1. Taking the range 141-191 as the search range and keeping residues that are out of contact with any Cys (no Cβ under 9 Å at 6 or more places or on another chain), assigned to a strand (DSSP E or B) and of a type outside the set (A, V, I, L, M, F, W, C), which one is farthest from SER119 (Cα to Cα)?
2. Search the range 93-117 for residues being open to solvent by 70 Å² or more (accessible area, probe 1.4 Å), closer than 28 Å to ILE24 by Cα and part of a loop (DSSP other than H, G, I, E, B), and hand back the single one that is modelled with the highest pLDDT.
3. Condition first: open to solvent by 30 Å² or more (accessible area, probe 1.4 Å) and at pLDDT 95 or above. Now tell me which residues in the range 242-264 satisfy that.
4. Search the range 53-67 for residues that are in a loop (DSSP other than H, G, I, E, B) and pair each with any residue that is open to solvent by less than 40 Å² (accessible area, probe 1.4 Å) and of a type in the set (A, V, I, L, M) when their beta-carbon atoms are under 7 Å apart and the residues are at least 6 apart or on different chains.
5. For residues in the range 118-146 being closer than 20 Å to GLN200 by Cα and at pLDDT 90 or above, which is surrounded by the most Cβ atoms within 10 Å (Cβ to Cβ)?
6. Looking for whichever is within 19 Å of ILE133 (Cβ to Cβ), part of a strand (DSSP E or B) and over 17 Å from the mean Cα position of the chain (by Cα) here; the options are ASP212, ASP227. Which one fits?
7. So if I check each of ASP90, ASP85, ASP65, which one is modelled with pLDDT under 90, open to solvent by 70 Å² or more (accessible area, probe 1.4 Å) and within 15 Å of MET52 (Cβ to Cβ)?
8. Show the residue pairs meeting these rules: Cβ distance below 8 Å; 6+ apart or different chains; first residue within the range 199-228 and over 18 Å from ILE173 (Cα atoms); second residue open to solvent by 60 Å² or more (accessible area, probe 1.4 Å) and outside any helix (DSSP H, G or I).
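The values are calculated or read from the model by the stated rules, or taken from the named source; none is laboratory data. Note that the coordinates shown come from a computational prediction; the quantities given were computed from them, not determined experimentally. We place every Cβ from the backbone using ideal geometry, glycine too, and count neighbours over all the protein chains shown. We work out accessible area using only protein heavy atoms, side chains counted, and drop any ligands, DNA or RNA first. Shrake-Rupley method; radii C 1.70, N 1.55, O 1.52, S 1.80 Å.
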Amino acid sequence: MSWALPLRRYAISIHWAMCDLQVIHKLTLYIPDTYTQELVIAHLDQAGVTAMEQGHDHIIVYSSDVEELRNLCHELSKYSLVGEDGCVIDAHQAKNWNEVWESTFKPVEIGQFCRIRASFHEKKPDVRYDLIIDPEMAFGTGHHETTFLMIAEMEFLYVNDKTVLDYGCGTGILAILASKLGSSKVLAIDHDPKAVASAQRNVELNHSRGVDVRRAGIEEIPLDKWDIVLANINRNVLKERSRYIVERLSPGGIALLSGILNEDVGQIQETYERLGLYLAHSRVKNEWSILKMAKR
């Protein structure tokens, strides 16, 4: 997901962003294959759409403006990204969307290592790291497999006194965890201003020290050497920005790469091996994979 802006998988409920709307129109785009879904998400992202969620065989877009949704249908059909019968628009009457969110948003637990909860959930005492994440419009709550994989892998990653770059930080969840794991310096970057604002608020909620959140692309970051680079994005961005990631990685450093469908593992691994990294470890959860690539 070649595209000018990095994209993220949309896998979280967006209802809380709609709390002031009386009628919400929902556009369901039926798209069975993941590659076309990536193209559609790229089109929606560049069109400025943020209120969407992705399912196994569909993408849902929410708006108060039904004409906006009809125009999106027309555009996607024009580019043959969605069939004529693949667009369905429904209207939903007013609800308290914050209450809906709070009733459906459940904490995520990765063993005894980490628990991710919203601020309205009670703290659970027998977990090593308790993270408070109020996602708003940013990606990264642990519910999606890619974020879950990153956190699960970080349990076995030596982070203490290491410098960490979180590329495509979303809610800031990985940067916050890196800080709690004892990193000496964390830089969290994202191109989306909503994600940057969300990450900054979550850093404050978690009283995380040493976390710098910026709106930036990785190519804008000086060539400082980072011990660990966290990149939970997607296949295309991981490929297109691979040189920038490797250039910013210290000798002996680790890059955790996720947002990768199992079928795409080979091409991502090959891309980074050509740049001098080697595969140290990989892990799978359902249809998603994470690669732990190391620099000699």
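1. Of everything passing the filter in the range 141-191, THR163 is farthest from SER119 (Cα to Cα).
2. LYS106
3. Across the range 242-264, the qualifying residues are ARG243, TYR244, GLU247, PRO251, GLY252.
4. ASP57/ILE31; SER64/ILE24
5. LEU131
6. Result of the check over ASP212, ASP227: ASP212.
7. Only one candidate qualifies: ASP65.
8. LYS225/PRO251; ASP227/LYS162
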